[in-house]
Amino acid sequence: MNFPGFFKGLNRTMAGLAMAGMLAVAPQAALAQEGLTQDDLVAPAPEQTPASALEGVDPAEAADVADPEAVSAGSDAYTPMAPTEGKGMPIPGAWDVQSQFSPTGEYANGLHVGLIWVMIAISLFVLALMVYVVVRFRKGANPVPSKTSHNTTIEVIWTVVPALILLGIAIPSITLIAKQYETPPKDAITVKAIGYQWYWGYAYPDNGDFEIVSNMLDDAEARERGEPYQLAVDNRMVLPVGVPIRLQTTAADVIHSFAVPSLWFKLDAVPGRLNEKMLTINEPGVYYGQCSELCGARHGYMPIAIEALPLDQFNAWVRAQGGTVAGEEEAGIEADPSLPAVQEPESAEPSAPGAGAPPVEDVTT
Ligand SMILES: [Cu+2]
């Protein structure tokens, strides 16, 4: 037996055990200093459903968890818009970020593309310098190397020029941050996205405070509707186009994140907190997203689908859901949920038939 080797091995083992012991003891020691026990730090466990049971939850059943009183039954008068292939959704084999359909998204994408050109220019410049040095100063062409070690002019240039480039990048970069935190104007339409395990609820506090529950469609249903599976939902979040939206997020159980890549929108939905960010959508369309915060067993199965409609069609949809449109109560006109939505389902183009004025009589005539 090789004794020195054996003892060396033993030493390592002992050192490892000692280290593990230290790590195990250290947290307790820290707690003891503050007069706490481990139990104080552990929140009382809420009533937990076993993970096996959660896996089997049918999305339709899961929807029952929400307050049924608050949930609108929806209306047959409204037919979901057909999505445009490749718009507002990921494309197989795509290299770049999704095309952007919000002003902030367009700005951010412009910065992204601009930065790529800056990187290409710098990379090519450095490559050219390296090729020049390798060729011009190789041993064969330059047998006696120069002993120059300082050149003030060049040193000033290679300090100042990169600093100016960074300054040039910082300006649009900080502008983008400011745009993303811009406060919505007072008259922005408030819509609230509520994360549940594992579906989304969309509340419209400015429109009679009804709530839509949105569950993922299964493969067959999504196919039938011509929508991408795992992005398609039964009830979409319907939003108006071209007006600022105060999009708020919160959650009922754990942290979720409301993210729609083609609208440059991502905001955590945290229980007990109300986060908000302004969103303006440039044009009608269907824009898909997903929960982007690991929230449990069915985290990957709570997609987001936003249907953006011109304001009059949005108002018609609101009425079809039994909601109210701001300003109409003052005019003495009751919102009538039985009125059909003024909407052309196949197209949300402003000139499309049916995309006319909302069903509101002019009371002055
Ligand atoms: Cu989630």
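Quote the FRET efficiency, to the nearest 0.05, computed for Thr84 versus Gln180 with a Förster distance R0 of 30 Å and r equal to the Cβ-Cβ distance. Once rounded, the FRET efficiency stands at 0.70. Give the Debye-formula value of log10 I(q)/I(0) at each listed q (0.10, 0.14, 0.16, 0.18 Å⁻¹), with one equal scatterer per alpha carbon of the range 121-279, two decimals each. With one equal scatterer per Cα and no solvent, log10 I(q)/I(0) is -0.61, -0.83, -1.00, -1.17.
Ignoring lysines fewer than eight residues from Lys147 along the same chain, the ones with Cα atoms less than 29 angstrom from its Cα are Lys139.
Candidate cross-link partners of Lys179 among the lysines, defined by an alpha-carbon separation under 20 Å and a same-chain spacing of 8 or more, comprise Lys266, Lys277. With a ≥ b ≥ c taken as the square roots of the eigenvalues of the C-alpha gyration tensor of the range 78-120, please select rounded if a/c is under 1.5 and otherwise prolate if a/b is larger than b/c or oblate if it is not? Judged from the Cα gyration tensor, the range 78-120 comes out oblate (a/c at least 1.5, b/c at or above a/b).
Got a sec? How would Lys147, Lys179 order by Cβ neighbour count within 10 Å, fewest to most?
Values: Lys147 5, Lys179 15.
With the fewest neighbours first, Lys147, Lys179 line up as Lys147, Lys179.
Stretching Thr159 away from Ala121 to a fully extended chain increases their span by 11.9 nm, per 0.36 nm per residue minus the current alpha-carbon distance. Each of Phe137, Phe258 was scored by other Cβ atoms within 10 Å of its Cβ. Listed from fewest to most, they are Phe137, Phe258.
Rank-order 100-112, 299-311 by packing density, defined as the average count of other C-beta atoms within 10 Å over each peptide's residues, highest first.
Details: 100-112: 17.8, 299-311: 21.7.
Result, highest mean Cβ count within 10 Å first: 299-311, 100-112.
Please arrange Asp209, Asp312 by counting, for each residue, the other beta carbons lying within 10 Å of its beta carbon, fewest first. Please list the in-between numbers first.
Values: Asp209 13, Asp312 19.
Fewest-to-most Cβ neighbours within 10 Å comes out as Asp209, Asp312.
If R₀ is 35 angstrom, what is the calculated FRET efficiency for the pair Val135 and Ile171, using the beta carbon separation as r and rounding to 0.05?
Working: r = 38 Å, r/R0 = 1.08.
With R0 = 35 Å, the Cβ-Cβ based efficiency is 0.40.
Remark: spin-label model distance Lys266-Leu111 equals 1.4 nm, labels positioned 7 Å along the Cα→Cβ axis.
On full extension of the chain, what length is gained from Ala297 through Ala220, given 0.36 nm per residue of separation minus the C-alpha to C-alpha distance? Could you put the intermediate results ahead of the total?
On the way: separation 77, 0.36 × 77 = 27.72 nm, distance 2.18 nm.
Answer, rounded to one decimal: 25.5 nm.
All of the numbers you see were taken from the coordinates with simple rules; none came from a lab. Quick caveat: nothing in here was measured; it's all calculated off a predicted structure. FYI the Cβ positions are ideal-geometry reconstructions off the backbone, even for glycines, and counts take in every protein chain you see.
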